[in-house]
1. When you scan segment 174-187, do you find a residue that is modelled with pLDDT of 95 or more and farther than 27 Å from Tyr138 by Cα, even just one?
2. Would segment 252-268 turn up any residue that is closer than 27 Å to Leu122 by Cα and buried (at least 24 other Cβ atoms within 10 Å of the Cβ)?
3. Restricting segment 97-123 to residues that are of a type in the set (Gly, Ala, Ser), in contact with a Phe, Trp or Tyr (Cβ under 9 Å, 6 or more places away or on another chain) and without any contact (Cβ under 8 Å) to a residue 40 or more places away in the chain, which is surrounded by the most Cβ atoms within 10 Å (Cβ to Cβ)?
4. When only residues in segment 213-251 that are basic (Lys, Arg) and in contact with a strand residue (DSSP E or B) (Cβ under 6 Å, 6 or more places away or on another chain) count, which is surrounded by the most Cβ atoms within 10 Å (Cβ to Cβ)?
5. For segment 151-204, which residues satisfy the criterion of being under 20 Å from Leu270 (Cβ atoms), among the small types (Gly, Ala, Ser) and crowded, with 24+ Cβ neighbours inside 10 Å?
6. Could you give every pair whose Cβ atoms fall below 9 Å, whose first residue belongs to segment 36-55 and is free of Cβ contacts under 8 Å to residues at least 60 places away in the same chain and closer than 17 Å to Asp263 by Cβ, and whose second residue is surrounded by fewer than 17 Cβ atoms within 10 Å (Cβ to Cβ) and acidic (Asp, Glu), counting only separations of at least 6 or pairs across chains?
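The values are calculated or read from the model by the stated rules, or taken from the named source; none is laboratory data. Source: prediction; values computed, not measured. Note that each Cβ is placed from the backbone with ideal geometry, even for glycine, and that neighbours are counted across all protein chains shown.
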Amino acid sequence: MYRQLVVRLVALVATVTLPLVGVAAPTAVGADNPYERGPAPTASSVLGNGSYSVSTTSVSRLAATGFGGGTIYYPSTTSDGTFGGVVLAPGFTATSSAYAGLARRVASHGFVVFAIDTSSTLDQPDSRGRQILTALDYLTQRSSVRARVDTSRLAVSGHSMGGGGTLAAANSRSSLKAAVALQPWHTTKRWSGISVPTMIIGAQNDSIAANSSHSIPFYTSLTGASERAYGELRGESHLAANTNPDWQGRLMVTWLKRYVDSDLRYSQFLCPAPTSTALSDYRNSCPD
């Protein structure tokens, strides 16, 4: 009887997991964000290029259907898994080469960026929006770097009429993780149908897409967006996307990091609202 009782007690103890003194309990699988890319950000690191070296590949106009080809900028390494994908569309009469500096900057922070050409340099914003989405599908399904792109983490961006196209694209595809419109121009002023986290970056001295009739009304109308922000670059003109100022890069990178990569390390740069002499205005929903 005694021996049987001992055997039963040993069996019972074997089925119970008790914490050991001096041994840390294991952390839950997936507790860390699997989409974090690069080192912890600092106030200086988000103003410059990121830690990734960047490679490029060209997409011929002849190989593209529904848009005009372009250049893909992507982190050279294959050791960090896949990256979020971003399509960057040009403004009226512009081509992708005008945005090489901005595209490379964003890619160096851990994104695959497709700076596209449009079918015609005279295409209007809604056409550019459709081309952005077509190019995004090309990037993830047909491009030579498609294996490097996480198809569940995609974003859209563009300048001027490409910025207007960015809003149109975000309005059409709610599965996008983020949108960043740079000095956007569009005749449509209300975008309450957009649910995607959307940042609009205006320029204080923009005389082509004046903030009072473009960027600010666009931002104000984003009542359906899960999150929204408006940053205005002090002293900059409509061509800020071409000249690639540091604060434009900071705003764009931090927004993409926060919403495409779900990287909470970047929340500190969005909320509370950033203050800097480089900004003449900043507004946001301050989610973080």
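1. Yes - at least one qualifying residue is present in segment 174-187.
2. Checked against the condition, which is being closer than 27 Å to Leu122 by Cα and buried (at least 24 other Cβ atoms within 10 Å of the Cβ), segment 252-268 yields at least one hit.
3. Here the answer is Ala103.
4. Among them, the one singled out is Arg228.
5. Passing the criteria: Ala155, Ser157, Gly163, Ala170, Ala178, Ala179, Ala181, Gly202, Ala203.
6. Listed by first residue and then by second, the contacts come to Tyr52/Asp80.
Yes/no per residue for (1) within 19 Å of the chain's Cα centre (by Cα); (2) free of Cβ contacts under 8 Å to residues at least 60 places away in the same chain; (3) not in a helix (DSSP H, G or I):
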site: Ala181; (1), (2), (3): yes, yes, yes
site: Asp206; (1), (2), (3): no, yes, yes
site: Thr223; (1), (2), (3): no, yes, yes
site: Trp247; (1), (2), (3): yes, no, no
site: Trp255; (1), (2), (3): yes, no, no
site: Ser262; (1), (2), (3): yes, no, yes
site: Ser276; (1), (2), (3): no, yes, yes
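Let's see how each residue does on (1) touching a strand residue (DSSP E or B) at 6+ places or on another chain (Cβ under 7 Å); (2) under 18 Å from Asn242 (Cβ atoms); (3) among the hydrophobic types (A, V, I, L, M, F, W, C); (4) modelled with pLDDT under 95:
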{"residue": "Ala63", "(1), (2), (3), (4)": "no, no, yes, yes"}
{"residue": "Thr71", "(1), (2), (3), (4)": "yes, yes, no, no"}
{"residue": "Pro75", "(1), (2), (3), (4)": "yes, no, no, no"}
{"residue": "Thr78", "(1), (2), (3), (4)": "no, no, no, yes"}
{"residue": "Phe92", "(1), (2), (3), (4)": "no, yes, yes, no"}
{"residue": "Ser96", "(1), (2), (3), (4)": "yes, yes, no, no"}
{"residue": "Arg105", "(1), (2), (3), (4)": "no, yes, no, no"}
{"residue": "Asp117", "(1), (2), (3), (4)": "yes, yes, no, no"}
